[in-house]
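A short reminder: the numbers here are calculations on the coordinates, not readings from a lab. Worth saying up front: this structure is predicted, and the values here are computed from it rather than measured. All Cβ positions, glycine included, derive from the backbone under ideal geometry; neighbour counts span all protein chains shown.
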Amino acid sequence: MLHSNQFGNNFLWGVTIAAAQNEGAYNAYGRGTSIWDQFSKRKGKIKNNAKPYIACDFYHRYKDDLLLVKALGFKVFRFSISWSRILPEGVGKINKEGVLFYHKVIDECLQLNIIPFITLYHWDLPQALENEGGWASHQLIKWFSKFVTICAEEYGDKVKNWIILNEPMGFTSLGYMLGKHAPGKTNMVTFLSAIHNAVLAQAEGGRIIRHYVANATIGTTFSCSEVIANSDKQQDIAAANRMDILLNRLFIEPALGMNYPNADFAFMDKLHLHTKAWKYTERMRFDFDFIGIQNYFPITIKHSSIIPFIQATDIKAKTRKVPYTALGWEINADSFYRIIQKFAAYENVKSIIITENGACFKDELKQGIIDDKDRILYFEKYLNSLLNAKMDGLKVDGYFAWTLMDNFEWNEGYNARFGLIYVDFLTQLRTIKNSGYWWRSFLTN
Ligand code: GAL
């Protein structure tokens, strides 16, 4: 039987949530509107037109929820700070009540002997800043720096573990190019600017935390997916390579001081040119203490001449008749090993924490029990690969499960359940799933 002690005593086991997905209390206690509140008003953008207004009501229930973190045996609690709760207009006046809320969450963690990991940005930009151009604006770095400085000064004495951004590829591409996430933009120039500002923000945020917080451990997270070419054909291999640049290399390489990937790829030429990237190698670099990698699935790619720029398309797991989750994401634990290997191979990566991994399944509550066997199997397989990675000497030092409880899953609304705890969104009743109990026995003796 797999047990956490096989990973050594110092391995960090955690569980992750995010402000926009869990907190609720969206227009109370001085909080300003975020881009997700606004985006959810647009018909058809989110399944069932769901709103993030109440979510899991973590704002009022954080004490009970942290007791659940403790009960399941996790040592680390990763959560994010809602920028518009601290600065309702994004800049300017500070909302003291919002500042106090995170003090209370942090104090509660410390009281319970849980290590708080703060994510500074998990996708919920203040709408006031979006109105000024959001991530595509030149002013973003200035705004973000103010926000980070406030957080560092407020919480830096108590919190030593900091994550600057959550998945910059996620929010820049889905939010500014594909229009599927807030703020719902679909514009190439906006996308290029958003990428560059996110790259600069991840490094600048790191420098600010380093300056204000003594003995800080600083990381930032990257989404990643192993990219597999559908065939040996040159065209498919080239398509997979382009996809790999976008999905896996675009944000980490500048952080490591390598600038943006240089490749025979028109999109990258555009990015280099648009951002005058050659001037920024140093400003884009930061010496992170760890990198967070977030992996859910690999993708299989073939050439497609009708898709602009990338000229590649993925072949769904269902079509390929391989196992997949309720969102159609391929389940492939061997690929998890290989993606860790890929990121560990960068010379300047000092340490890796898997800051998110988990699975969505159609959970059914029957007589007070959620027997989510599929999710348990998923974790068993992925953790087995993780153990192999660790045993093989890859520099992986922690793993955080996504997610503590079912929550607002962005454009999927409330129907995509990833939690170890089931949430009835009408009553806010929490029920620990069998996967939650599985984690408890994995983590405790
Ligand atoms: C990540 C994201 C999380 C969560 C998860 C599952 O990309 O950071 O907030 O939604 O995916 O879809």
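With 10 angstrom as the radius, rank R375, R285 by how many other C-beta atoms surround their C-beta, starting from the fewest.
R285, R375
For the chain, what does -39500 (n - 2.57) per DSSP helix run (n ≥ 4), summed and divided by total residues, give at 222 nm, in deg cm²/dmol to the nearest 500?
Roughly -11500 deg cm²/dmol at 222 nm, from the helical runs in the chain.
Roughly what percent of Cα-Cα pairs across segment 32-146 reach past 16 Å?
Result: 65 percent of Cα pairs exceed 16 Å.
For D287 and A263, what does the FRET efficiency come to when R0 = 25 Å and r is the distance between their Cβ atoms, rounded to the nearest 0.05?
In this case the efficiency is close to 0.50.
Under the definition of Cα pairs under 8 Å and six or more residues apart, what whole-number percent is the relative contact order of segment 4-444?
Reported relative contact order: 17 percent.
Going by average Cβ neighbours within 10 Å, how do the peptides 48-61, 304-317 rank, with the highest at the top?
Going from most to least packed, we get 48-61, 304-317.
In which sequence would K146, K41, K321 go, from the one with the fewest C-beta neighbours within 10 Å to the one with the most?
K321, K41, K146
So how far apart, in nm, are the two label points at N241 and Y437 if each is 7 Å from Cα heading toward Cβ?
Placing both labels 7 Å beyond Cα along the Cβ direction yields 5.2 nm.
Given R₀ = 22 Å, FRET efficiency for K43-D424 by Cβ-Cβ distance, to 0.05?
It comes to 0.25.
Under a plain spin-label model, where a point goes 7 Å from the Cα along Cα-to-Cβ, how far apart in nm are A326 and S304?
It works out to 2.6 nm between the two label points.
Quick check on packing: order 435-443, 365-373, 19-27 by the mean number of other C-beta atoms within 10 Å, highest mean leading.
Taking the mean over residues of other Cβ atoms within 10 Å, the ranking is 19-27, 435-443, 365-373.
Going highest first, how would you order 173-182, 401-410 by mean Cβ packing within 10 Å?
Top of the packing list down: 401-410, 173-182.
Specify the residue with the greatest mean-square fluctuation among A216, A28, A18, computed from a Gaussian network of the chain linking alpha-carbon atoms under 10 Å apart.
The residue that fluctuates most here is A28.
Report the convex hull volume per residue for segment 4-444, counting only C-alpha atoms, in Å³.
Measuring per residue, one finds 137 Å³ for the Cα hull of segment 4-444.
Charges on Cβ only, +1 for Lys and Arg, -1 for Asp and Glu, centred on the Cα centroid of the chain; of A19, I46, S173, which one is farthest towards the dipole's positive end?
Farthest towards the positive pole: I46.
Could you please rank Y382, Y121, placing first whichever residue has the fewest other Cβ atoms within 10 Å of its Cβ?
Fewest-to-most ranking of Y382, Y121: Y382, Y121.
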